[in-house]
Every structure is written in structure tokens, then in C-alpha cells.
Amino acid sequence: MPTNFLIYASEATSPSPAKEPVEPPPERESLRILVIGSRRGVTGTIQTLHRLRFAEVREWSPLMPGPNPGEVMSILTRYILAE
């Protein structure tokens, strides 16, 4: 069974290196979902969305420092059909 990064989320204190922006496939646009809050709140929300089959845990970015002290954040990028 793969290791769930959320179990070790308390060890993540710095953001991961910047990645090259990924161009969305033709006729699709990127949609980003950002979760910000306490470490427990963010990991719990990611796990809940996984149980609801919204997104796999591995699709979320590693936990990064949030905008306020004591907060973390994680981002999920999805591609939807452009209208």
C-alpha cells in the first residue's frame, strides 16, 4: 500500500521547489482548488474529498506554509472543458 503523505504532514514545513507551469490540454482550462487552514483541517478535508471520490490524495500538492502563522495550504489542479 502506498504511503499517504498526509500521515507525515507535520514534517512538511517548507514549500516544494517551483514546478514549470503545465499547459492545459487543448480545449480545456485549468481550475485550481486551494484549501487553507490548520494542518488537521487541511489534511482532514483532503481525506474527506478522497472518500467522496472527488480527488486522490496524491493529486494534491504537499502541504505548504499558509498566509497566516499556524496555517498550511494545499492545491489541487483539475482540467475542465472550456466553454
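Laboratory data are not the source of any read-out in this text; all were calculated from the coordinates shown. Since the structure is predicted, the reported quantities are computational estimates derived from the model, not experimental observations. As a convention, Cβ positions derive from the backbone with ideal geometry for all residues, glycine included, and neighbour counts pool all protein chains shown.
Would the range 30-39 turn up any residue that is assigned to a helix (DSSP H, G or I) and either loosely packed, with under 11 Cβ neighbours inside 10 Å or without any contact (Cβ under 8 Å) to a residue 12 or more places away in the chain (or both)? Spell out the reasoning first.
The initial filter retains those residues of the range 30-39 that are assigned to a helix (DSSP H, G or I), namely 39.
With either loosely packed, with under 11 Cβ neighbours inside 10 Å or without any contact (Cβ under 8 Å) to a residue 12 or more places away in the chain (or both) added as a condition, the list becomes none.
For the range 30-39, residues assigned to a helix (DSSP H, G or I) and either loosely packed, with under 11 Cβ neighbours inside 10 Å or without any contact (Cβ under 8 Å) to a residue 12 or more places away in the chain (or both): absent.
Restricting to the range 56-83, count the residues that are of a type in the set (A, V, I, L, M, F, W, C), in a loop (DSSP other than H, G, I, E, B) and surrounded by 15 or more Cβ atoms within 10 Å (Cβ to Cβ).
2
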